[in-house]
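Below is one structure, written out as structure tokens; comments come after it.
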Amino acid sequence: MKTQAPHQNKHSAGKKFLAASIAVVSQGWAANLIAPTRRTEDGLPANDALRATSWRSLWSLQLFLTISIAAFLVRDFNLYAAFPESVLQILGCPPPPTLAHIALAGYVFTVLTPLVIQLLSGEQPVAQWRHLGYRSAFYCFYLFSNTLAANFFLVFATGIFLYLLEQASICVAITKAGHGNGQLAG
């Protein structure tokens, strides 16, 4: 009969404990999104609207990732070198990237403000498809200013960050609704 060294048992036990801890933590929020819906007293399913909002937001995130891949492939494209001289006279010089930075900062503020208000007031969060267009438009803004290569990661990280915040607010709302009284479990 072979025996293992004590440090090997501790190492494998540590791996098992870590894997079990990760499973327990991830099961809590994932179960709220995927688990069958609970029925309320009047027979209507609870959390269906929140789960639908969550899935819409995830679909929007997937489309944003696809658009980001396309933007990454054309990030070095010089739009103004591709046009003939007559079109360039009409368009004029490229806009400064500072304008795109200001627009991106303003957009982030306009997304975060309602998100914080919804979290604090306990309102049901919403995920709207128009934000996919807004977030993707910043790739075009930086492409027009000939600085997409330098600012690609900024737009990508901002978009992913905003999608993660939306998902977090939806998960908080699902958790609150799952407890019935609207209060988070302590």
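The values are calculated or read from the model by the stated rules, or taken from the named source; none is laboratory data. None of these values were measured; they are calculated from a predicted model. Note that each Cβ is placed from the backbone with ideal geometry, even for glycine, and that neighbours are counted across all protein chains shown. These area figures cover heavy atoms from the full protein model, side chains too; ligands, DNA and RNA do not enter into them. Shrake-Rupley method; radii C 1.70, N 1.55, O 1.52, S 1.80 Å.
Using a 1.4 Å probe on the protein heavy atoms, what percent of the accessible area of the stretch 47-186 belongs to carbon and sulfur? Spell out each step's value before the answer.
On the way: 5790 of 8060 Å².
Solvent-exposed carbon and sulfur of the stretch 47-186 make up 72 percent of the total.
Would you please name the GluC sites (Glu not before Pro) within the stretch 84-181 that are DSSP coil residues with at most 14 other C-beta atoms within 10 Å of their C-beta? Mind showing how you got there, number by number?
On the way: sites: 85, 123, 166; in loops: 123.
Here the GluC sites (Glu not before Pro) that fit, given the DSSP loop and packing criteria, are 123.
For the stretch 67-178, what number results from the quotient of the Cα radius of gyration and 2.2 N^0.38 Å? Don't skip to the end; give the middle numbers.
Details: Rg = 17.5 Å, N = 112, 2.2 N^0.38 = 13.2 Å.
With N residues counted in the stretch 67-178, Rg over 2.2 N^0.38 Å equals 1.33.
Relative contact order (percent) for the stretch 53-186, with alpha-carbon contacts under 8 angstrom and 6 or more residues of separation? Write down the numbers at each step before the final one.
Working: 91 pairs, mean separation 55.1, N = 134.
Reported as a whole number, the value is 41 percent.
Work out from phi, with θ = phi - 60° and the Karplus expression 6.51 cos²θ - 1.76 cosθ + 1.60, the ³J(HN,Hα) of each residue of the stretch 76-90, listed in order in whole Hz, and give x for Gly and Pro.
Values, residue by residue: 9, 6, 9, 5, 7, 7, 7, 8, x, 4, 5, 6, 5, 5, 6 Hz.
Sort 112-121, 56-65, 143-152 by the packing proxy (mean of other Cβ within 10 Å over each peptide's residues), most packed first. Could you put the intermediate results ahead of the total?
Details: 112-121: 12.3, 56-65: 16.9, 143-152: 19.0.
In decreasing order of mean packing, 112-121, 56-65, 143-152 become 143-152, 56-65, 112-121.
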